[in-house]
Amino acid sequence: MELIWNLCEILFIEVAPAGPLLLHLLDWVRLHVCEVDSLSADVLGSENPSKHESFWNLVTILVLQGRLDEARQMLSKEADTSPTSAGMCRTLGDLMRTMPILSPGNTQTLTELELKWQHWHEECERHLQDGTFTSSPHLETLCKIMLGDEAALLEQKELLNNWYHFLVTRLLYSHPTVKPMDLHLYAQSSLDLFLGGESSPEPLDNILMAAFEFDIHQVIKECSIALSNWWFVAHLTDLLDHCKLLQSHNLYFGSNMREFLLLEYASGLFAHHSLWQLGVDYFDYCPELGRVSLELHIERIPLNTEQKALKVLRICEQRQMTEQVRSICKILAMKAVRNNRLGSALSWSIRAKDAAFATLVSDRFLMDYCDRGCFSDLDLIDNLGPAMMLSDRLTFLGKYREFHRLYGEKRFVDAASLLLSLMTSQIAPRSFWMTLLTDALPLLEQKQVIFSAEQTYELMRCLEDLTAGRPVRGEPDAQRLQDDDIETTKVEMLRLALARNLARAIIREGSLEGS
Amino acid sequence: MGEIYAKFVSQKISKTRWRPVPPGSLQTAETFATGSWDNEENYVSLWSIGDFGNLDSDGGFEGDHQLLCDIRHHGDVMDLQFFDQERIVAASSTGCVTIFLHHPNNQTLSVNQQWTTAHYHTGPGSPSYSSAPCTGIVCDNPEIVTVGEDGRINLFRADHKEAVRTINNADSSTLHAVTFLRTPEILTVNSIGQLKIWDFRQQGNEPSQILSLTGDRVPLHCVDRHPSQQHVVATGGQDGMLSIWDVRQGTMPVSLLKAHEAETNLHRNKLLRSYLLVWEVHFHPSNPDHLFTCSEDGSLWHWDASTDVPEKSSLFHQGGRTSTFLSHSISNQANVQQSLISSWLSTDTTKDRIEITSLLPSRTLSVNSLDVLGPCLVCGTDAEAIYVTRQLFV
């Protein structure tokens, strides 16, 4: 992959002109075909390098990669050990030294270089014709290679290893001033020559060919097909897009190809169990569909611990995705309710500012109270604070608990007025009124008069509302009758208590007002 | 602070802990344990920053931390503590508490003991068994206290199969962290912003004391006790607030310090109040005037309340409600002897200043955990990196 990336950098981004193009390509090949280093370490490390079996292979590879200085050093070693070929080595070394190349700081123009190179080429040719190297086949091969002789190059297939190396070497020794536009012609012919019709091009070859043809879209397309995930194409396309090299295609998905690929990649990240956090950042950089995609994906991350949920919620809150916050909190609150963690459920619904759910949880609390006669989770209800205002039911719960507390502290008058206000202010659910009235009973039965006459009238009104509004039941069965009995008894007791209290209140108030 | 080494480890780190050095020894911290989370296979690993024989020109040790050994762990590692030199206790998101034993001779970890149903919503007996994540552990050889999302507190003893004591439904919301106050007393923090003190000597299931902030019920995520003054406790909250409490006095925190500020929104230009959870807070065990916090916004703060620093810039931020609390705290301090006031309790904007430094070079994803021992600090992040420094006070 790095191979493709580097090639794209050279061709598309640096847009090297004719001269430096070859140098870049040479660097590219040297970087990616690295057996040379280990081989040279091998050979140089041995006692007698020039007698090493891979010596000539090494020298050949060095020449193929255009590393002529190193090749010359090798040759001088050979010259030292075998005097017979010393002369030839020196000549060849000279040729190597005099090969004109475009060095970065050089101010030669291309035509000057061409001329010099042509000159040098002819000199090499002359040496070959003269038969200077005939006694040493190795040196002769080297000379032929330096002349760019295709047959000689093809013989070195094994050392070259692949067609793009062949291409670069060929260009180096036959067309060093190749223009980018002509690159693909040479590439195609190199590929054909190298493969020689034996094997068909592999996907990598197709990708590189497309690159040489400067067809960016083809490159991306081939990469998408060949590689197993979107990582490479997404980043490559993003880079090219930032260099303004991609014309915008109108795709159905995303504003352009870059966005499409980024979306694909980010979606893939979200499917991974832990890389979803990275996906978020990618979605942020997709201007058109990024936010929507993120909204959809983030709701579907599996949340198995609260810690993970908090991280996800933070991401949503940072981007003001209030809908998602609400839905995630609702899911968590629902899970908590199912596990009977009412405190957690309430704190999640408070965070989501979800009044409906808070009402649900409060109803559960109240139901628990009715069933068991006492509150569970007092620590939560006692300390609701301003969150109490979130839902009416919640407020009622808090106030009701306060009533119990006041009663426990024997502050009866305060408790009484609180109880009354709970009923008259309509925040108490109707189903609960009976319980509230029953709670009022002990207050009514106290020795001292707690409810004033006004308050007693209010209580009576509530009781009448309650009994009047009760719907006519269907067929009474035994249980129903029993319930009805209990109900009637309660109502009667209440009426009695209220009446007695009213009497005492009137008397007390009357006597106070009197003289 | 001196150099900090980073290493990318291909797993999101949820907890990092130094192995304690034997008391009285002159060694510095050399080994630390990490736990990972959110992977299909999570690991508890041991790392060493010890001597590899590479000395640089100053005679210090170079190179970053190396993995000694690791072992698979089921579920996310929610908390990690060293029980003693050889044993590590890990809390799992499956509700299981495990003790791992380290064998130094062949550098392996093995499971020593496991309580698989330490935390659950509906019990193992019923058909609809559902486990709950265990969120916090604290150890005091031989006892281990664990708390979880099920609001349960367990007291385990190593080598005992069953829990010694269990307080069911200790809290109606999630318990996030626990610490020892004095040995039979523990303190827990929960997701409705309350600190509760429990005394194991008492038989009931009620806390002996409850403290909370008035106002918003901000969930508290971490707690740490002052190393020498056992009544001073620091907590980190979900809104980036660091609070210092004195549990003997009153039910309100002594000081509120806000460091992990809200940040600007990506898409718009106004300040957005986002929750910047403080994941961990630690007092330095030998220099308790120094406090460290790490948070979801990827920063790690060093709070320096020592009064012997001559030049200090006033970087002390306080939240909006503090004026009330300051006066509250000052009136409370009136009865306390001057010598007992630690620098954390007597914070006053005009006199004492707290210097706050950010320790990590660049902001990354969330820093989930940190630990300090001597001059060494280790922290782990969601960006799959572990940072170690051995020169904290340079």
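The phi-based Karplus calculation (6.51 cos²θ - 1.76 cosθ + 1.60; θ = phi - 60°) puts the 3J(HN,Hα) values of the range B:161-173 at 6, 9, 5, 6, 8, 10, 9, 6, 6, 4, 8, 7, 10 Hz, whole numbers, x for Gly and Pro.
For the range B:79-165, taking Cα atoms only, Rg and Dmax work out to 13.1, 44 Å respectively. Near the amide H of B:T122, within less than 5 Å, lie the amide hydrogens of B:S130, all on another chain or at least 5 residues away, with H placed in the peptide plane. Grab the beta carbon distance between A:L496 and A:D371, set R0 = 22 Å, and tell me the FRET efficiency rounded to 0.05. Using R0 = 22 Å, I get an efficiency of 0.20. Note on B:R157 and A:I506: the model spin-label points, each 7 Å out from Cα along the C-beta direction, lie 7.1 nm apart. Each listed q (0.17, 0.24 Å⁻¹) maps to a log10 I(q)/I(0) for the range A:210-319 from the Debye sum over equal C-alpha point scatterers, namely -0.81, -1.33. Per-residue accessible area (protein heavy atoms, 1.4 Å probe) orders A:H138, A:H127 as A:H138, A:H127, starting from the largest. Computed about the Cα centre, the dipole magnitude for chain A is approximately 2940 debye when only Lys and Arg (+1) and Asp and Glu (-1) carry charge, each at its Cβ. For the range A:22-43, the residues whose amide N sits under 19 Å from a probe point set 7 Å from the Cα of A:A226 along the beta carbon direction are A:25-26, A:28-34.
Between B:S130 and B:L26, 0.36 nm times their residue separation minus their Cα-Cα distance comes to what?
Full-extension gain reported as 32.7 nm.
Highest average first, the peptides B:178-184, A:303-309 ordered by how many other beta carbon atoms sit within 10 Å of their residues are A:303-309, B:178-184. Working from Cα positions, state the angle (0 to 90°, nearest 10) between the long axis of helix A:18-32 and the longest principal axis of chain A. Roughly 70 degrees between the two axes.
List the lysines whose alpha-carbon lies under 17 Å from that of B:K12, not counting same-chain residues fewer than 8 positions away? Hits, sequence-local ones excluded: A:K308, A:K311. Note on the range A:102-222: with charges restricted to the Cβ of Lys and Arg (+1) and Asp and Glu (-1), its dipole about the Cα centre is near 240 debye.
Cross-link reach is defined here as a Cα-Cα straight distance under 26 Å, omitting same-chain residues fewer than 8 places apart; for A:K51 the lysines meeting it are A:K77, A:K144, A:K157.
Each 10 Å bin from zero holds the following percent of Cα-Cα pairs in chain A: 3, 13, 15, 12, 9, 8, 7, 7, 6, 6, 6, 4, 2, 1, 0.
Here's the list of aspartates and glutamates a cross-link from A:K330 could span, going by alpha-carbon distance under 12 Å and ignoring same-chain residues fewer than 8 apart: A:E299, A:D354.
Under 5 Å from the amide H of B:G75 lie the amide H atoms of B:N42, each residue being 5 or more positions distant or on a separate chain, with H modelled from the backbone and absent for Pro and chain starts. Computed extension length for A:E299-A:A355: 18.1 nm, one decimal, from 0.36 nm per residue of separation with the Cα-Cα distance subtracted. A Cβ-based charge dipole, computed about the Cα centre of the range B:123-188 with Lys and Arg at +1 and Asp and Glu at -1, lands at about 80 debye. Distance between the 7 Å Cα→Cβ label points at A:R90 and A:S199: 4.5 nm. Annotation: for a label point projected 7 angstrom from Cα along Cα→Cβ of A:L185, residues of the range A:128-160 with backbone N closer than 20 Å are A:148-151.
A simple spin-label model places the labels of A:K447 and B:Q209 3.9 nm from each other, with each point 7 Å out along Cα-to-Cβ. The mean accessible area for residues of the range A:160-235, using a 1.4 Å probe and ignoring ligands and nucleic acids, is 43 Å² per residue.
Since only A:S228, A:L261, A:L3 are under comparison, the one whose Cα sits farthest along the positive direction of the charge dipole of chain A, derived from C-beta charges on Lys, Arg, Asp and Glu, is A:L261.
The values are calculated or read from the model by the stated rules, or taken from the named source; none is laboratory data. As the structure is a computational prediction, the values presented were derived from the model and not from experiment. We place every Cβ from the backbone using ideal geometry, glycine too, and count neighbours over all the protein chains shown. The area values use the complete protein model at the heavy-atom level, side chains included, leaving out ligands, DNA and RNA. Shrake-Rupley method; radii C 1.70, N 1.55, O 1.52, S 1.80 Å.
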